[in-house]
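These notes concern the structure reproduced below.
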Amino acid sequence: MLTPPQVVTQLSLIRQLRFCAGHRLHRHESKCAFFHGHNYRVDVEVVAAAGSNEVDAVGRIVDFSLIKQRLLGWLDAHWDHAFLIFEDDTNALESICRVVPTKYFVMPWNPTAENMARYLLEVVAPGVLADLGVMARQVAVWETEESCAVATRVGDPVSPTVPLGSAVIVDNR
Ligand SMILES: [Zn+2]
């Protein structure tokens, strides 16, 4: 006897988040080596942490407003209107420290859209979403309207390989 086909459904949410930031790409061979900025868009996809299709009594994985509050809250505090600088880019770090007021964030990796997506997926999301019972499955970082980099979780979550950083803000006004 034939087994009837199973319906396999994975539920997820996608929330768009926007922020502005400056960066430069250390050792870039062309114009991205100059200080410049982007109006970034982040699409974060969230699933139930247990990997199930569990929803609450209302039928939600989690309320959209909580994703916004946690992730956009982190982005506003640490990356929005900040310069993202690779820790090996000592020349950029020396420069940004001299500017007052200043806000910058030292990245463990060169701040490409790929590395920013990876940082948000592996380091930021686990920290800010943990107690909501959800985890980020995918993060897309849009650097322009045409181009984005995507980081996707494959396999079981592991502890972040780098600690969660925070913005340095010097503002005596
Ligand atoms: Zn750029």
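The values are calculated or read from the model by the stated rules, or taken from the named source; none is laboratory data. Note that the coordinates shown come from a computational prediction; the quantities given were computed from them, not determined experimentally. Cβ sites come from the backbone with ideal geometry, for glycine too, and all protein chains shown count toward neighbours. The area values use the complete protein model at the heavy-atom level, side chains included, leaving out ligands, DNA and RNA. Shrake-Rupley method; radii C 1.70, N 1.55, O 1.52, S 1.80 Å.
Once backbone amide H atoms are built at 1.01 Å from N, A21 has H38, Y40, H81 as its partners under 5 Å, excluding neighbours fewer than 5 places away on the same chain.
Given R0 = 30 Å, the distance between the Cβ atoms of E54 and A149 translates into a calculated FRET efficiency of 0.50.
Couplings 3J(HN,Hα) of segment 29-46, computed from phi: 7, 9, 5, 6, 7, 7, 4, 7, x, 9, 8, 7, 10, 10, 10, 10, 9, 10 Hz, in residue order, whole Hz [Karplus 6.51 cos²θ - 1.76 cosθ + 1.60, θ = phi - 60°; x for Gly and Pro]. Label zone of D88 (point 7 Å out along Cα→Cβ, amide N under 20 Å): in segment 101-121 this covers 105-120. For the peptides 80-86, 93-99, 64-70, the ranking by packing is 80-86, 64-70, 93-99, with the highest mean count of neighbouring Cβ atoms within 10 Å listed first. Within the accessible surface of the chain, defined with a 1.4 Å probe on protein heavy atoms only, the carbon and sulfur portion equals 54 percent.
Of all DSSP beta bridges confined to segment 21-120, the antiparallel ones make up roughly 30%. In terms of its Cα atoms, segment 1-66 spans 65, 34, 17 Å along the principal axes, sorted from long to short. Mind jotting down the distance between the C-alpha centroids of segment 92-123 and segment 1-78, whole Å? For segment 1-78 versus segment 92-123, the Cα centre distance is 19 Å. Once you divide the Cα radius of gyration of the chain by 2.2 N^0.38 Å, the number left is 1.18. Simple point charges give the picture: +1 on the Cβ of Lys and Arg, -1 on the Cβ of Asp and Glu, and for the chain a dipole about the Cα centre of about 260 debye. For the chain, the solvent-accessible area with a 1.4 angstrom probe is 59 square angstrom per residue.
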